[in-house]
1. Rounded, prolate or oblate for segment 159-242? Axes are the square roots of the Cα gyration tensor eigenvalues, ordered a ≥ b ≥ c, and the cut-off for rounded is a/c under 1.5.
2. Going by amide H atoms built from the backbone, whose H comes under 5 Å of the H on R180, apart from near neighbours?
3. What are the ³J(HN,Hα) values, in whole Hz, obtained from phi via the Karplus relation 6.51 cos²θ - 1.76 cosθ + 1.60 with θ = phi - 60°, for each residue of segment 27-34 in sequence order, with x given for Gly and Pro?
4. What is the dipole size for segment 153-231, taken about its Cα centre, with +1 at each Lys and Arg Cβ and -1 at each Asp and Glu Cβ, in debye to the nearest 20?
5. Please list the non-local residues whose amide H lies under 5 Å from the amide H of V211, H modeled 1.01 Å from N, same-chain partners needing a gap of 5 or more.
6. Under unit Cβ charges (Lys, Arg +1; Asp, Glu -1), what dipole magnitude, rounded to 20 debye, does segment 1-152 have relative to its Cα centre?
7. Would you mind computing the Rg to Rh ratio of the chain from its alpha-carbon coordinates, Kirkwood style for Rh?
8. According to the Kirkwood expression over distinct Cα-Cα pairs, how big is the hydrodynamic radius of segment 42-83, in Å?
Amino acid sequence: MRQITNYDPLPSTIGRLIIAIDGPVGAGKSTVARLLAKRLEYRYIDSGAMYRALSWKALQRGLDLNDERALRQLADETSIVLEAAGDRELILVDGQDVSHQIRERGVEQATSKISTHPSVRQVMVAHQRRMAVEGGVVMDGRDIGTVVFPDADLKFYLTARLEVRARRRYVDAQALGAVREMDELVKDIEARDVRDMNRHASPLRKADGAVTIDTSDLPIAEVVDAMEAEIQRKMGIHEDKT
């Protein structure tokens, strides 16, 4: 039987899979999804970046974040493109690179409000589905396995302890040159969890059939290893250790 290592792409004979990864903020979804996609030679789609991109434009326009109709129209008319650039992804809004701007705290806070509007999510979900129409995709978010791709070939739910998630966000903020206090981050994450899990449209929850991985004490590579092993198991591929 063909030998498969941790870094081998899965055989093309099994088709181009859609892999959904969900979980709360700071669980490591984007980092893990990006690495998994690279191993499998798949496309990585950061759904959260798409919502942040829309939120950035809404703030630039000075829109009322509670005006669902105006935000739905904005989503309809906005071009959001995720473009690979070496080891990073460029986020283009109407052709403008906003990869850095969408990571600012104000944009993140706006996103948690805009993403609660059902009609806005409807537009974004349709766009995400079009992006993955040919398969060969790893997509992460909060409703990928429950709403965007309920029939995804594989579903994962990543989680981690609150203090670990806050520490990760602290490191992310430092990398962007932002100053954030740990206590503030813990409160922000707790509030975001409440909003995400209790919103009417596409609340955060574990999808049926999803494999849960607690990333609190696992190195990133081990998380990706575990996910790839599950993919191989699900697809009936066995590693030859001889």
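1. Working: a/c = 3.41, a/b = 1.60, b/c = 2.14.
In terms of gyration-tensor shape, oblate.
2. Close amide H contacts, sequence-distant or interchain: none at all.
3. 7, x, 4, 5, 4, 5, 4, 4
4. Dipole size: approximately 380 debye.
5. Counting only residues 5 or more places away or on other chains, the set is K155, F156, Y157.
6. So the magnitude is around 220 debye.
7. Numbers: Rg = 17.9 Å, Rh = 18.6 Å.
That ratio is 0.96, to two decimals.
8. Working: mean 1/r = 0.0906 Å⁻¹.
Hydrodynamic radius (Kirkwood, Cα pairs) of segment 42-83 is 11.0 Å.
Read-outs: derived from the displayed coordinates by stated rules, not from any lab. A quick note: this is a predicted structure, and the numbers were derived from the prediction, not measured. Methodologically, a virtual Cβ is constructed for each residue, glycine included, from the backbone with ideal geometry; neighbour enumeration extends over all protein chains shown.
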